[in-house]
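Report on one structure; see the data block that follows.
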Amino acid sequence: MVRNPFLHWVSLTLGLLTLFGVLSFHSYATTLPEQADPPPGTHVPFGDELTLAYHGGPDPKWTPRLLDVLRERGVKATFYVLGRQVTEHPGIARRILAEGHAIGIDGFRQEGDWRDPLDLAYAQAALAGALSVHTRLVGAPKELDSGDRSMQDVETIVAGIGRYRYGVIRLHDTGSISIDITRALLDRTTVAAPVPDLVEADTAQRVTGAVTTWSQRNGGIVLVFLGTVIGIAALLALFRTLMQLGLAHTDRRLRREAIDETTITPAVSVIVPAFNEAVNIAGTVRSIAGNDHLADVEVIVVDDGSTDGTGDLVEALNLPGVRVVRQPNRGKPAALNAGIAEARYDVLVLLDGDTIFEPGTIGALVQPLKDAGVGAVSGNAKVGNRRGLLGTWQHLEYCAGSNLDRQILHALRCIPTVPGAVGAFRREALRDVGGVSADTLAEDTDLTMAVTRAGWRVAYQPAARAWTEAPITMRGLYRQRYRWSYGTFQAMWKHRGALFERGQAGRMGRFGLLYLLAFHLLLPLLAPVMDLYVLYGTFVADAPAALAVWGVFLALQTASAGYALRLDGEPLRPLWAYPLQQLVYRQLMYLVVIQSLVTALHGTPLRWQSVQRTGLLLTSP
């Protein structure tokens, strides 16, 4: 089991922060600010001799030629380098050091920004990454400006330098003029060698240098990769929205066209697996017993080793047609199978012990079984305790996520999940698949996929409403969704063979499984990168269009959620919480999917994640 899932959160956060740092540093290193006049230097490391100092390199074209000239004349100089140039051309920097020249820092991106502590740190990191050294020659010394920036006449520049007998001559390693000036100057003047002032970089400094070097060199590749990822995520999200708007409408139209005035009223056995459900079980059983189905309805509550008196509470209700089956705790699949074995009728309704049925739910739920090819029916699970922000978010998730997905997949005839909260099955279909399997933590998804692979169709009946209690804490929500997500991945892997099968099984594999893969695995994995890129574009890369695009994307999603609420017969009032849901709640769901995938890839077994019940469902709509 996962003993410390918090570490997954930490790992994901650190990974995103690292990625953000790489992008930010790459943007910083490759975006040049407006050139400013360099401030005067404060460090004078030379004596009363004439020495040469070159600023602005290393340059890939001109610095090697300048080094050739200095080597021919046997002269040593000082190169005040820019950190970003060292990272781009480390081989030239190594040559400068190998040929005995001194190295100082003039800044990271441009001359003079060495006075900024951040620029200075980045420049020192560049030296550590390329040369494994730091330098004490920081900032331009009190130099004698050669004028090579403002004048282009070599003779005039050299004549001006010739007036001096000692001091540091400031030149710029940025073009052919510096080479011409050096040749002419050395023909007429003797210069002294500088005093190098380097210290070996320690391990931490070298690691920092390696990281910043990698970021500067490869940040562009990362940006291209992220752009591709974001494009895929955006296309998936847009495609899903179009499918939701198109197929959900198609599903409703097909239902209207296929209206059959006849109704069926089969006898029904209702199975309620219950482990420590004392808070809600009485309300659940009463809601079933109070149904208005016109045929016999028996209720079998399987007390799966409860320690809170769940079975006793049911018996104390003394309701006709309700009985309790007790067994040692063996898990939900075993409890369901025990109830199925005890059931008298061939239409079986399965629900959780924290679910409330409306009076007409059972009657509506069994109607799709008029079609002899339908083996299972999914009802419409709705959040009962939707008060408060967390409840509202989950209500939106059910309506704009799960239920809308079922309408889409019903139109495609490939529903992969009949929810444990409300579903009906033919006994024959359950017999074909050997009952409810305990192979996964999502027994409802596993069972639905197995029924479909056995050749049965699965229908969705939105009129069969059931109210379920949602978690009231973020911790409880995370535990529940973690189990759901992990179990769904298990079921997808277990039934991957459906991708290559024919008939109804192949339809579920090539539509249902791929739908889950694209929108329940791939999209949640890619979406955090989109959010990160928006932050990068807005606050780092000076690209406000990123925020505008994200705003348009959010508006489309909000409109889609509103459409889903309308299709589900819900008011639009909760939409006020949808934008905030995308900022907070959605991130939690991303973490759920990522942690579930990591756990699955590691092969780590995960036990059942119980959720604390509160009984708030009984006071909600």
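The values are calculated or read from the model by the stated rules, or taken from the named source; none is laboratory data. Since the model is a prediction, treat every value here as computed from it, not as a measurement. Neighbour counts run over all protein chains shown; Cβ positions are idealised from the backbone, glycine included. To get the accessible areas, we keep the full protein, side chains included, count just its heavy atoms, and leave off ligands, DNA and RNA. Shrake-Rupley method; radii C 1.70, N 1.55, O 1.52, S 1.80 Å.
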- [ ] Tell me which residues come under 5 Å, amide H to amide H, from residue 167 once H is placed; ignore anything under 5 positions away on its chain.
- [x] 49, 50, 51
Task: For segment 424-542, accessible area per residue (1.4 Å probe, heavy atoms of protein chains only), Å² - done: 40 Å²
Open item on the list: Quick check: pseudo-label points 7 Å beyond the Cα along Cα→Cβ at residue 552 and residue 164, how many nm apart are they?
Closed with: 5.7 nm
Task: Under-5 Å amide H pairs with residue 103, H placed in peptide plane, nonlocal only - done: 79, 197
- [ ] List, in order, the whole-Hz ³J(HN,Hα) value for each residue of segment 457-462 obtained from phi through the Karplus relation with A = 6.51, B = -1.76, C = 1.60 and θ = phi - 60°; use x for Gly and Pro.
- [x] 8, 10, 10, 10, 10, x
Task: Inter-label distance, nm, simple model (7 Å from Cα along the C-beta direction), residue 238/residue 319 - done: 5.1 nm
- [ ] Pop out the ³J(HN,Hα) list for segment 337-354 in order, Karplus 6.51 cos²θ - 1.76 cosθ + 1.60 with θ = phi - 60°, rounded to Hz; leave Gly and Pro as x.
- [x] 4, 5, x, 4, 5, 7, 5, 8, 10, 8, 9, 10, 9, 10, 8, 7, x, 10
TODO: Enumerate the lysines that residue 142 could reach by cross-link, defined here as Cα to Cα under 25 Å, with residues fewer than 8 away along the same chain left out.
DONE: 76
TODO: Would you mind checking which residues have amide H under 5 Å from residue 277's amide H? H placed 1.01 Å from N; only 5 or more apart, or other chain.
DONE: 310
Open item on the list: Let me check against my output: what whole-number percent is the relative contact order of segment 148-241, with C-alpha pairs under 8 Å and at least 6 apart?
Closed with: 23 percent
Open item on the list: Output wanted: per-residue J couplings in Hz (rounded whole) for segment 233-244, from phi through Karplus 6.51 cos²θ - 1.76 cosθ + 1.60, θ = phi - 60°, x for Gly and Pro.
Closed with: 4, 5, 5, 4, 4, 5, 4, 5, 4, 5, 5, 4
TODO: Determine, for each peptide in 69-79, 297-307, 159-169, 443-453, the mean count of other beta carbons within 10 angstrom over its residues, then list the peptides with the highest first.
DONE: 443-453, 297-307, 69-79, 159-169
